[in-house]
1. Within segment 24-46, can one find any residue that is on the phi > 0 side of the Ramachandran plot and crowded, with 16+ Cβ neighbours inside 10 Å?
2. Restricting attention to segment 103-125, which residues are surrounded by fewer than 24 Cβ atoms within 10 Å (Cβ to Cβ) and among the aliphatic types (A, V, I, L, M)?
3. Would you confirm whether or not segment 57-67 contains a residue that is among the hydrophobic types (A, V, I, L, M, F, W, C), within 14 Å of the chain's Cα centre (by Cα) and crowded, with 17+ Cβ neighbours inside 10 Å?
4. Hey, among 132, 123, 91, 75, which residue is closer than 20 Å to residue 12 by Cβ and touching a Leu at 6+ places or on another chain (Cβ under 6 Å)?
5. What tally of residues in segment 1-28 results from selecting those that are more than 11 Å from the chain's Cα centre (by Cα), closer than 22 Å to residue 130 by Cβ and not in a loop (DSSP other than H, G, I, E, B)?
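Every number here is computed from the coordinates shown, using simple stated rules; none is lab data. Since this is a predicted model, take the numbers as computed values, not measurements. Reconstructed Cβ throughout: ideal geometry from the backbone, glycine too, with neighbour counts over all protein chains shown.
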Amino acid sequence: MITYVDTSTLIKLVIDEPGSEHAEEIWRASDSLVSVSLVIVEARAALAAARRGGRITAAGHRRATTIVTELIEQLDIISTDHELVEAAADLAEREALRAYDAVHLAAALRVHVDAVTSADEALNAAAARQGLNIANPTDRC
């Protein structure tokens, strides 16, 4: 099974929060894991925000950054190009998605994944409308 991983699921693998256990199950059950290159920036930004917000300590931030880097190395990374950006722009308008969510969906559609794993309800709803299976790690919480 090819699973598209968005940042919300990736972060659940690094920071213990609702859905973390299920995110690990989804990760382990997948034969192949893919994401778009922007997941690197988005994940690091999320970790920095967690640090600023006091959800993790400075030492925790350093550990989390190392772990997220190791996890990203396990992903097949899809590069952004003009065609992907155009597809994302169309999806953002048509599906009322935020920019990064539209890029995630465009990338998932490009590689014909079996499932999208995300805790983002808007992204999940749009992916479902596009005919993709959804694995929301927070569904079991």
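1. Taking segment 24-46 as the starting set, the residues that turn out to be on the phi > 0 side of the Ramachandran plot are none.
Looking for residues that are on the phi > 0 side of the Ramachandran plot and crowded, with 16+ Cβ neighbours inside 10 Å, one finds none in segment 24-46, hence no.
2. Just the residues of segment 103-125 that are surrounded by fewer than 24 Cβ atoms within 10 Å (Cβ to Cβ), to begin with: 109-115, 119-122, 124-125.
Of everything in segment 103-125, those that are surrounded by fewer than 24 Cβ atoms within 10 Å (Cβ to Cβ) and among the aliphatic types (A, V, I, L, M) turn out to be 109, 111, 113, 115, 119, 122, 125.
3. Of segment 57-67, the ones among the hydrophobic types (A, V, I, L, M, F, W, C) are 58-59, 64, 67.
Still in the running and within 14 Å of the chain's Cα centre (by Cα): none.
Within segment 57-67, not a single residue is among the hydrophobic types (A, V, I, L, M, F, W, C), within 14 Å of the chain's Cα centre (by Cα) and crowded, with 17+ Cβ neighbours inside 10 Å.
4. On the way: 132 fails: touching a Leu at 6+ places or on another chain (Cβ under 6 Å); 123 fails: touching a Leu at 6+ places or on another chain (Cβ under 6 Å); 91 fails: closer than 20 Å to residue 12 by Cβ.
One residue alone meets the criteria, 75.
5. Qualifying residue count, segment 1-28: 2.
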